[in-house]
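The numbers here are math on the coordinates, done by the rules we state, and not lab data. Just so we're clear, the structure is a prediction, and the values are computed from it rather than from any experiment. Note that we place each Cβ from the backbone using ideal geometry, even for glycine, and neighbour counts take in every protein chain shown.
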Amino acid sequence: MTLLRIEESGLTYYQFAALRAVPELRHGLFTRLGGVSQPPYASLNVGSSVGDDRASVAENSRRCVATLGFQVGQVVTAFQVHSSTVARVDRRDAGRVIPATDGLVTDARGIVLVLRFADCVPILLYDAEHAALGLAHAGWRGTLEGIAARAVSAMQEHFGSRPERLWAGIGPAIGPCCYQVGADLRDAFARRFGEQAVATNGAGPVVDLPRANALALEEAGLQEIEIAGLCTACHTGEFFSHRAEGGRTGRQPALIGLAG
């Protein structure tokens with residue numbers, strides 16, 4: 001797995017080398033660096049519901065989209081509710097916010113899928129065979145409810161994707177080093193994903209959200225899964241972290257789209 005750290009147009013973001021190699025595919029896992037928001041949202045906050053100045057959020061969003069060669073009017077995003085709901089979108093949805101949704105899939109060119117994160121797991125999906133892609137937001141609830149597998153199923157249903165031919169990337173998210181949970185949640189993850197997704201450290205039970213979603217993707221039939229391995233809570237100088245910053249922080253975006 002190769003994860004590239006890129007500094008461009010004053011912004012810092014990450015890309016998976018496997019996707020960067022596809023000329024028509026553009027993606028970015030953005031950090032909190034390079035925006036105009038003031039503390040505690042400094043500085044590239046794209047979350048409009050956390051208390052930040054809306055003009056600052058709009059400018060931050062514009063910068064992220066423009067860095068990848070898109071315009072704001074080409075964005076399709078969602079009102080995220082920690083669900084396992086996945087929606088198919090196309091160019092008719094450009095500029096829309098899809099209600100109560102945490103996963104988006106498309107085979108349309110000329111739009112860019114955008115979701116927001118601050119510890120939850122970004123899941124990127126790409127089907128080279130059918131030129132289709134997906135983006136999902138997986139918190140603990142969505143992970144247990146199966147959003148990773150539902151995104152794969154949506155690509156199968158709508159585009160004919162074959163799971164064994166899909167590529168998946170799991171972006172920066174809170175790691176098991178920092179994600180302490182109660183015993184009940186730890187047990188729920190152990191029942192669903194096995195002991196590979198849980199552990200115990202000096203602070204008590206922990207859950208490995210990135211690994212749990214990788215296991216879910218493996219169960220769905222995927223063979224090529226890359227995990228960024230960057231903990232957002234460990235690196236608050238570069239990422240927003242809801243857990244590490246006590247809930248008062250911003251959101252960084254993940255973007256993926258096909259130029260056209």
Using only DSSP helix segments of four residues or longer, with each worth -39500 (n - 2.57), what per-residue ellipticity at 222 nm results for the chain after dividing by its residue count and rounding to 500? -6500 deg cm²/dmol
Amide H to amide H, which residues 5 or more places from residue 239 or on other chains are under 5 Å from it, using H placed in the peptide plane? 32
Of all the Cα-Cα pairs you can form in the stretch 125-260, what percent are over 23 Å apart? 37 percent
Tell me, which longest segment in the chain has none of the GluC sites (Glu not before Pro) that fall in DSSP loops with at most 14 further Cβ atoms within 10 Å? 130-260
The stretch 196-225 versus the stretch 60-95: alpha-carbon centroid distance in Å: 27 Å
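Taking 0.36 nm per residue of separation and subtracting the Cα-Cα distance, what length does fully extending residue 71 through residue 157 add? Write down the numbers at each step before the final one.
Details: separation 86, 0.36 × 86 = 30.96 nm, distance 2.90 nm.
The span from residue 71 to residue 157 would gain 28.1 nm if fully extended.
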For the chain, give me the percentage of DSSP beta bridges that are antiparallel, rounded to the nearest 5 percent. 75 percent
Roughly what would the spin-label model give for residue 235 and residue 12, points 7 Å off Cα along C-beta, in nm? 0.9 nm
Between the stretch 141-166 and the stretch 107-128, what's the alpha-carbon centroid distance in Å? 13 Å
